[in-house]
1. Order by neighbour count: 280, 254, 145, fewest other Cβ atoms within 10 Å first, most last.
2. In what sequence do 210, 164 fall when counting other Cβ within 10 Å, fewest first?
3. Which value results when the Cα radius of gyration for region 109-243 is divided by 2.2 N^0.38 Å?
4. Quickly work out the residue 301-to-residue 288 label distance, labels modelled 7 Å from Cα along the C-beta direction, and quote it in nm with one decimal.
5. Mind giving me the FRET efficiency for residue 281 and residue 202? R0 is 45 Å, r the Cβ-Cβ distance, nearest 0.05 is fine.
6. Could you calculate the contour length gain from residue 261 to residue 216, that is, 0.36 nm times the residue separation minus the distance between their Cα atoms, to one decimal place in nm?
7. Hey, fewest Cβ within 10 Å first, where do 225, 239 land in order?
8. Considering the Cα positions of region 168-327, please state its Rg to one decimal place and its Dmax as a whole number of Å.
């Protein structure tokens, strides 16, 4: 109550009433009252008029007990009212806290994560289906609330989103937001990657960074892609080879003129292996290749032949060697 100015004023007023010092009471002259009683009795018996004293009660103005007790009663009532307000306030605070706790529990995010060499599928509460690539993770609520449906991706995933114009679906990855109403699209954005890539198979999506003016967003339609580097705006929409870029869903691989260092990372994720190379200059060499579905050894042989290098595999360890150094 001390934090509420109105409560402090009310308590002060109660105190002033309680602490009144001026007292008033009635003094009764018993002798005069008895004489009046006797006079009335005699009058009744004689049928005549009685002589009454002009002053039976002596009124001395000090503190009327009745007023004093009224003040006391009012004070008790006011204290009860203030106490009621106080406990109601506490109850409301507790109710708000319980409500906030309930909402917090409703918005607790679940996480699905895959190891290297694994893929996973999940269906959200709205019916949206997601295929998660190797070494990736996605966080999502048990049930979507509010005006948007938001999920958080680290890695690569393919989304088949159920349409709901009143509740747009938003994928957040690194510093990029991908917003859709209902569509099929792919997002690739591991936290340690240089860029986030978005490809649309069906429908329409908007792509923008967290700190970017919505007016500068890039809108993608069926068959187009964009890429977003950290601290930069999305690139203009470009035509994409949808089938090749989505081969990973069925176990395939596609590399479109990417540095060999990125090829090694993708192979490690896909096959759960550790790859080393003795010629670091090769890491920046661009590589292009498509594998619809193949075993690790077959992929390694094709890559080695196309880049004129050799490889040695021992269990989950693979080493690429420059063949020129072994002639």
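Bear in mind that the values in this text are calculations on the coordinates, not laboratory data. Values in this document were obtained by computation on a predicted structure and should not be read as measured data. Using ideal geometry, Cβ is built from the backbone for each residue, glycine included, and neighbour counts are taken over all protein chains shown.
1. 280, 145, 254
2. Ordered by Cβ neighbours within 10 Å, fewest first: 210, 164.
3. So the Cα radius of gyration is 0.97 times the expected 2.2 N^0.38 Å.
4. 2.5
5. 0.60
6. This chain segment gains 13.0 nm when fully extended.
7. Least to most surrounded, the residues fall as 239, 225.
8. That works out to 17.8, 60 Å for Rg and Dmax.
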